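Trainee: My questions all concern the structure below.
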Amino acid sequence: MSRIPFAVMISGRGSNMVALLEAAQEKGFPGLPVLVLSNRPDAKGLATAREHGVPSLCIDHKEYGANREAFERQVDAALRASGAQFVALAGFMRVLTPWFVNRWSGRLINIHPSLLPKYKGLDTHARAIEAGDKEAGCTVHYVNEGVDEGMIIDQIRVPVLDGDTPETLAARILPKEHELYPRALKKALTRMSSR
Ligand code: GAR
């Protein structure tokens, strides 16, 4: 079976990106990473991608000011030039416009550190603790025009423990993200190749 070329979009550390790049090295994985793209020049993940032998590129959103679509047209062009047919957002911290989302519809997924539909947006761990939730977790979903709203592909739940801070909860969830994202990407790519 031929592997689907995919890109990973990041804004920072890139630990989920690493989980995806490492999973893609395993025999039988349905995707091949062709590009890591960051919207921030200082994203640590850019160098990590290169260490993993994957081409990396920065398109700095600040150069486009308030013109989100101009930024996204460059991103779209770079993705297409790389041959990517699928995109995984991994800590990519820019909201994408309907123009971009519709162009990649069904081929664009994201990881979010909460049990969606709970806690869309930022500060998810603090909000779960504040609400007194007994469980938190992470979700991978297709991206649609809403923020953190598209169809859910998979989730992992973890307990919230007495005395948890946003930091301790984040540290319990992050390894689960690294387990979840490759599994969910595999599912989405397999689904795509059987369409
Ligand atoms: C991850 O926890 C990811 O779920 C979150 O940012 C972190 C990125 O870490 N994403 C979002 O909050 C998106 N709304 P990483 O750069 O080490 O993968």
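The values are calculated or read from the model by the stated rules, or taken from the named source; none is laboratory data. Bear in mind that the values here come from a model prediction, so they are computed numbers and not experimental data. Neighbour counts are summed over all protein chains in view; Cβ atoms, including those assigned to glycine, are modelled from backbone coordinates with ideal geometry.
Trainee: Could you grab me the full set of residues in region 76-99 that are in contact with a strand residue (DSSP E or B) (Cβ under 8 Å, 6 or more places away or on another chain) and either within 21 Å of P175 (Cα to Cα) or surrounded by fewer than 21 Cβ atoms within 10 Å (Cβ to Cβ) (or both)?
Mentor: Result: A78, S82, G83, Q85, A88, L89, A90, G91, F92.
Trainee: Does region 95-133 hold any residues that are closer than 23 Å to D162 by Cα and more than 16 Å from the chain's Cα centre (by Cα), and which are they?
Mentor: K118, Y119, D123, H125, A126, R127, A128, I129, E130, A131, G132, D133
Trainee: So V95 clears everything in (1) within 16 Å of the ligand (Cβ to nearest atom); (2) at pLDDT below 95; (3) touching a helix residue (DSSP H, G or I) at 6+ places or on another chain (Cβ under 6 Å) except one condition, right? Which one?
Mentor: (3)
Trainee: Count, please, the residues in region 125-138 that happen to be within 25 Å of P182 (Cα to Cα) and either touching a residue at least 40 places away in the same chain (Cβ under 8 Å) or assigned to a loop (DSSP other than H, G, I, E, B) (or both).
Mentor: 3
Trainee: Let me ask something else about it. (1) of a type in the set (V, I, T); (2) touching a Phe, Trp or Tyr at 6+ places or on another chain (Cβ under 9 Å); (3) part of a strand (DSSP E or B): which one isn't true of V75, the others all being true?
Mentor: For V75, the failing item is (3).
Trainee: Another one. Please specify each residue of region 141-184 satisfying the condition of being more than 13 Å from the ligand (Cβ to nearest atom), in contact with a strand residue (DSSP E or B) (Cβ under 7 Å, 6 or more places away or on another chain) and part of a helix (DSSP H, G or I).
Mentor: R183
Trainee: Considering each residue of region 133-189, count those that are on the phi > 0 side of the Ramachandran plot and touching an Asp or Glu at 6+ places or on another chain (Cβ under 6 Å), and give that number.
Mentor: Summing the residues that are on the phi > 0 side of the Ramachandran plot and touching an Asp or Glu at 6+ places or on another chain (Cβ under 6 Å) in region 133-189 gives 0.
Trainee: Need the failing condition index for A88 against (1) within 17 Å of L189 (Cα to Cα); (2) of a type in the set (A, V, I, L, M); (3) touching a helix residue (DSSP H, G or I) at 6+ places or on another chain (Cβ under 7 Å); (4) part of a loop (DSSP other than H, G, I, E, B), just the number.
Mentor: Condition (4) is where A88 drops out.
Trainee: Where residues in region 5-32 are under 18 Å from D76 (Cβ atoms) and more than 9 Å from the ligand (Cβ to nearest atom), which of them is surrounded by the most Cβ atoms within 10 Å (Cβ to Cβ)?
Mentor: Going through the qualifying residues, I end up with V8.
Trainee: What tally of residues in region 40-53 results from selecting those that are surrounded by fewer than 20 Cβ atoms within 10 Å (Cβ to Cβ) and not in a helix (DSSP H, G or I)?
Mentor: Counting residues in region 40-53 that are surrounded by fewer than 20 Cβ atoms within 10 Å (Cβ to Cβ) and not in a helix (DSSP H, G or I) gives 5.
Trainee: Could you check region 107-122 and list, in sequence order, the residues that are assigned to a strand (DSSP E or B) and either more than 10 Å from the ligand (Cβ to nearest atom) or under 15 Å from A170 (Cα atoms) (or both)?
Mentor: Of everything in region 107-122, those that are assigned to a strand (DSSP E or B) and either more than 10 Å from the ligand (Cβ to nearest atom) or under 15 Å from A170 (Cα atoms) (or both) turn out to be L108, I109, I111, H112.
Trainee: Here is a further query. Any residue in region 139-167 that is modelled with pLDDT of 95 or more sitting within a Cβ distance under 7 Å of a residue that is more than 13 Å from the ligand (Cβ to nearest atom) and among the aromatic types (F, W, Y)? List the pairs, counting only those 6 or more apart or interchain.
Mentor: Listed by first residue and then by second, the contacts come to G150/Y142; M151/Y142; I153/Y142.
Trainee: Considering every residue within region 174-195, establish whether at least one is surrounded by 18 or more Cβ atoms within 10 Å (Cβ to Cβ) and β-branched (V, I, T).
Mentor: Checked region 174-195: no residue is surrounded by 18 or more Cβ atoms within 10 Å (Cβ to Cβ) and β-branched (V, I, T).
Quick grid of which residues meet (1) at pLDDT 95 or above; (2) of a type in the set (A, V, I, L, M, F, W, C); (3) away from the ligand (no atom under 16 Å from the Cβ):
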{"position": "M1", "(1), (2), (3)": "no, yes, yes"}
{"position": "N39", "(1), (2), (3)": "yes, no, no"}
{"position": "D42", "(1), (2), (3)": "yes, no, no"}
{"position": "H61", "(1), (2), (3)": "yes, no, no"}
{"position": "A78", "(1), (2), (3)": "yes, yes, yes"}
